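This report refers to the structure that appears directly beneath it.
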C-alpha cells in the first residue's frame, strides 16, 4: 500500500482548501476540455428486466440488442439487486470520503507506483498532453478500489471498517453484481443468436473490482475532467450513481456527448472492450467520461468484470464466416491491460489498435 509521503495530496483536500484555480496538472488540453452545450433531449435506454421473468425474456432481449447497437450502455430496472443494497453501498462509500479524516483515509492508500492496486488513491488514469511535451494530465477525482473476485483476491481487512457495516456491504454488493453481470451477459449473447453462455465462457472466471469514485467540487470545471474519455478494458461494467449528474457517454449516431442522468434504483450497464472483440464489433464498447461540478461533489460505484490476465480473447467463432470475417486480432488480456495503462486509454485507441485491415 502507498504511504502518506508518496501521495498525500488528494483532490478532495485541494477542493477543500478554497483554491480559486485548479493546479496546472489538472488542466486538460483544449481538444479534450468539456464544451458547454444545450442539454440534449437524447437519453440512454432504460430497460425493465421484469426480474428476469421468462415471459418477458424475448422482449427484454430485443430491447438489449437495440441498446447495445445504438449505445453500448443502458440502464436496467427490476434487476434483482435489492434497492436497499444500492442505497447502502452509496451510504458507506460516501461516509468514507466525507466523514473520515485524511490520516485515516491514508491508512488505506494504494501504491501510486503500480497500476490498479487496491486502496485509496487519486492517480488511476493519467493522460498525456502530447501538444505540450507529453505533460501528464490528472483527473479531478479520488477513488477507493476494492479487489473482490475471485474470492482468493478478496481481503476485507484491506477495506475501511468505518462505518461498521462497510466491509459486509461491499462483500454483499460484490456477490449481487457478480450474479447480475452473468445474467446480463447471457441476454447479450442470446441477442446475437449465440449460446447464452458464449460471452461468459469466452471471458472465463470473473476478476471483479469495485471502484468508488469521489469527484469533489471543482473551481474551474470548464478546464478539467473528473475522468478522462475512455472505454473500459474488461467485459462488462455495472455502475450506480448518486443524484449529481456528471457521467457522459458518446452517442454513436452523431459522436456527441450525452449526460447520463442519475436513476436511483437502476443499474447502468456499460459494455467494455473485450465484449466488443468477442461480438466481433457487432456491439461496441461504450466511450464515456465524467465532467466536474463547481458546487456539488459527485459519487459513483463502478463494478468491473474482467477476464484473467492469462485469458486469450478473440471473436466468437459463431460470428465469423466468409461474409463476416474476424475484425479483431486475438489478444492476451494481460497484454491489453499493460498497453491500456502504459499508453493511457485516450478514448478507444487501444482497442482500435487491434482492428484488422479489411
Next on the checklist: For segment 316-353, which positions are surrounded by 14 or more Cβ atoms within 10 Å (Cβ to Cβ), modelled with pLDDT under 95, in contact with a helix residue (DSSP H, G or I) (Cβ under 9 Å, 6 or more places away or on another chain) and part of a helix (DSSP H, G or I)?
Outcome noted: 336, 339, 340, 349, 350, 351
Next on the checklist: If I go through segment 160-199 residue by residue, how many of them are assigned to a helix (DSSP H, G or I) and either out of contact with any strand residue (DSSP E or B) (no Cβ under 9 Å at 6 or more places or on another chain) or in contact (Cβ under 8 Å) with a residue 12 or more places away in the chain (or both)?
Outcome noted: 27
Next on the checklist: Just to be sure I understand, how many residues within segment 74-90 are surrounded by fewer than 19 Cβ atoms within 10 Å (Cβ to Cβ), touching a helix residue (DSSP H, G or I) at 6+ places or on another chain (Cβ under 8 Å) and in a helix (DSSP H, G or I)?
Outcome noted: 1
Checklist entry - Just for segment 58-79: of the residues that are over 21 Å from the mean Cα position of the chain (by Cα) and in contact (Cβ under 8 Å) with a residue 40 or more places away in the chain, which one is farthest from residue 172 (Cα to Cα)? => result 62
Checklist entry - With respect to the numbered conditions (1) part of a loop (DSSP other than H, G, I, E, B); (2) more than 27 Å from residue 92 (Cα to Cα); (3) in contact with a helix residue (DSSP H, G or I) (Cβ under 8 Å, 6 or more places away or on another chain), which one is the sole condition not fulfilled by residue 229? => result (1)
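The values are calculated or read from the model by the stated rules, or taken from the named source; none is laboratory data. The structure displayed is predicted, hence computed values, not measured ones. As a convention, Cβ positions derive from the backbone with ideal geometry for all residues, glycine included, and neighbour counts pool all protein chains shown.
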